[in-house]
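Okay, so here's the structure we're looking at.
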Amino acid sequence: MSIILLISLSGRLSGQEIKLITCIDSALANRGNILAVRTDIEIAKLQTSSVYQRYLPDLSLSYNYRYNPIIPTQIIPVGQFSQIPIDEKRPIKFGTEWQQNSGLNLYQPIIDFSIKSRIAESRINEKLKNLDAAAAERDLKLEVIKSFTNIWLRIEQMSSAALDTLRTSKIKELIMARSKEGKVLKTEVNKAILNYNNALSTFISVSSSLTREKIYMSFLTGISLETLLEDKFDFLPFSEGVFKKSNIDPLIDSIPSIQNLRLRAELLEQQQKSEKMKCTPTIGFEGFLGANQYTDNFNPFLSGSWYGSSYMGLSLRFQILSGNSTKNRVAQLKLEEKGMKSRLDDEISSVSNKSLLLNEEIMQIDYQAGLFKQNIALYEENLSLNQERFDKGQINAYDLLTDEIDFQKEQSKFNEKRAELVFKQIDLINNSGALSSFIENLR
């Protein structure tokens with residue numbers, strides 16, 4: 001049974017090699033949430049382009065036809081036109097009952113600081129969308145790395161579990177042979193069978209965990225499950241200590257959470273400028289070309305009733321008072337910016353503190369894993385020696401089986417510490433902002 005399991009394991013590890021970087025690239029091309037945030041980036045670019053278009057000419061065509069039930073009246077100082085000016089005034093109606101107006105209006109902004117400020121805002125929003133996309137990609141990359149690492153650990157554990165199964169099977173057969181000779185007790189035979197069954201159960205459990213992890217990797221990357229089950233994985237980077245990180249100082253400018261807070265503080269600062277720009281003068285070119293028709297009866301096509309109208313020139317606008325309080329809005333944005341910068345300082349401290357804690361944990365776990373590894377070598381040596389002594393009748397089966405149980409326990413502890421160590425190292429790489437450079441080194 002054990003030999004069959006080993007052959008099955010070696011069969012699974014044959015064929016084309018699957019690299020970690022291949023899984024990462026496949027996941028980035030496969031996941032819908034990554035495609036969605038990339039779409040958000042394109043939308044942000046279009047929004048920036050839309051703000052730029054405010055510099056383009058504004059050309060509009062207007063037309064209306066209206067009936068004037070009451071013709072507007074103006075008071076005219078007709079006495080002022082006499083040879084001797086007097087104060088006589090007379091009401092005179094201006095216009096007709098029917099009136100048409102049509103014309104082209106053109107406005108071309110020349111100087112408008114508010115547009116420039118809005119463009120700067122839009123660019124910052126674009127950077128935020130890029131950062132959101134980078135954060136989503138980073139999270140996916142991290143998940144793929146952890147899944148790939150789990151596959152590596154499970155395969156390593158399967159190799160160890162297979163050897164344990166072979167060894168316990170050999171000891172079981174040896175003790176059963178001695179039992180037939182009447183040299184060992186039935187309880188010792190039972191214990192040998194229990195040890196073998198436990199080792200076999202561990203192998204099956206690890207094998208199942210490996211399959212489940214490959215199913216999850218298939219979900220993440222879109223790589224077919226058949227390929228992940230049949231092809232060999234390239235774990236060479238793991239043997240070269242790729243997760244070891246000597247520098248624990250975080251790369252502040254590469255940490256997404258810190259970049260996000262900085263950009264948000266920058267956006268709030270720019271929004272203050274935009275509010276202030278609302279009160280600055282705007283200068284533009286303005287032109288109009290049109291015609292008006294006046295008739296006493298409804299007659300849109302009456303000849304000789306149309307009068308042309310046009311003008312062109314510079315337009316200056318300077319906002320003096322507004323219903324919205326710019327001062328209050330700027331004060332509000334300043335407070336929000338202050339709060340955002342406080343959060344930024346706290347986040348920088350938090351990241352630095354977490355890196356120090358992770359580094360301390362890694363050193364502790366690495367030391368403990370080293371001790372377990374030494375213990376395993378000692379247990380393995382004792383097992384080999386005691387098996388020879390058992391063959392010579394120098395020790396009883398109980399001592400041999402006890403050593404076997406102790407060895408399996410120590411092997412289990414080492415596997416747990418090894419997995420904990422690797423994942424703490426991954427967390428340190430991610431927390432310090434070095435994930436991108438780590439992935440680049442895999443190419």
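What follows draws every value from the coordinates through simple rules; no lab data is involved. The structure presented is a predicted model; accordingly, all values stated were derived computationally and were not measured. In this analysis, Cβ positions are derived from the backbone assuming ideal geometry, glycine residues included, and neighbour counts consider all displayed protein chains.
Taking the average, over residues, of other Cβ atoms within 10 Å as the packing measure, peptides 64-70, 143-149 rank 143-149, 64-70 from highest down.
Ordering of 208-218, 348-358 by packing is 208-218, 348-358, highest average first (other Cβ atoms within 10 Å, averaged per residue).
Working from Cα positions, state the angle (0 to 90°, nearest 10) between the long axis of helix 397-431 and the longest principal axis of the chain. Once rounded, the angle reads 20 degrees.
When only alpha carbons are used to place a centre, the range 345-421 and the range 17-31 end up 33 Å from one another. Helix 326-391 and the longest principal axis of the C-alpha atoms of the chain enclose an angle of approximately 10°.
Nearest 0.05, what FRET efficiency do Ile110 and Ile204 give at R0 = 60 Å with Cβ-Cβ as r?
0.15
Please give the length that would be gained between Ile193 and Thr22 if that part of the chain were fully extended, namely 0.36 nm times their separation in residues minus their C-alpha to C-alpha distance (nm, one decimal).
That works out to 57.2 nm of additional length.
Legend: Rg and Dmax of the range 289-393, from Cα coordinates, 43.9, 133 Å. Across the chain, Cα pairs under 8 Å and at least six residues apart give a relative contact order of 22 percent. Summary of the geometry: the range 152-193 and the range 259-291, compared by the centres of their Cα atoms, lie 79 Å apart.
Each residue of the range 176-183 was assigned a 3J(HN,Hα) from its phi angle through the Karplus curve 6.51 cos²θ - 1.76 cosθ + 1.60 (θ = phi - 60°); the sequence is 5, 5, 5, 5, 5, 7, x, 9 Hz, with glycine and proline shown as x. Converting phi to 3J(HN,Hα) with the Karplus coefficients 6.51, -1.76 and 1.60 and the offset θ = phi - 60°, the range 210-224 yields 5, 5, 4, 5, 6, 5, 5, 5, 5, 5, 5, 9, x, 5, 4 Hz in sequence order, with x at every glycine or proline. Computed about the Cα centre, the dipole magnitude for the range 18-159 is approximately 180 debye when only Lys and Arg (+1) and Asp and Glu (-1) carry charge, each at its Cβ.
Multiplying the residue separation of Ser82 and Lys409 by 0.36 nm and subtracting their alpha-carbon distance yields 105.5 nm. Quick one: of Lys141/Lys214; Lys278/Lys338; Lys146/Lys424; Lys116/Lys338; Lys45/Lys129, which pairs are farther than 20 Å apart, Cα to Cα? Over 20 Å Cα-Cα: Lys278/Lys338; Lys116/Lys338.
Efficiency by 1/(1 + (r/R0)^6): what FRET value for Lys373 and Thr227, r their Cβ-Cβ distance, R0 = 35 Å, to the nearest 0.05?
Taking R0 as 35 Å, the efficiency between Lys373 and Thr227 is 0.55.
Around the Cα centre of the chain, unit charges on the Cβ atoms of Lys, Arg, Asp and Glu (plus for the first two, minus for the last two) sum to a dipole of about 760 debye.
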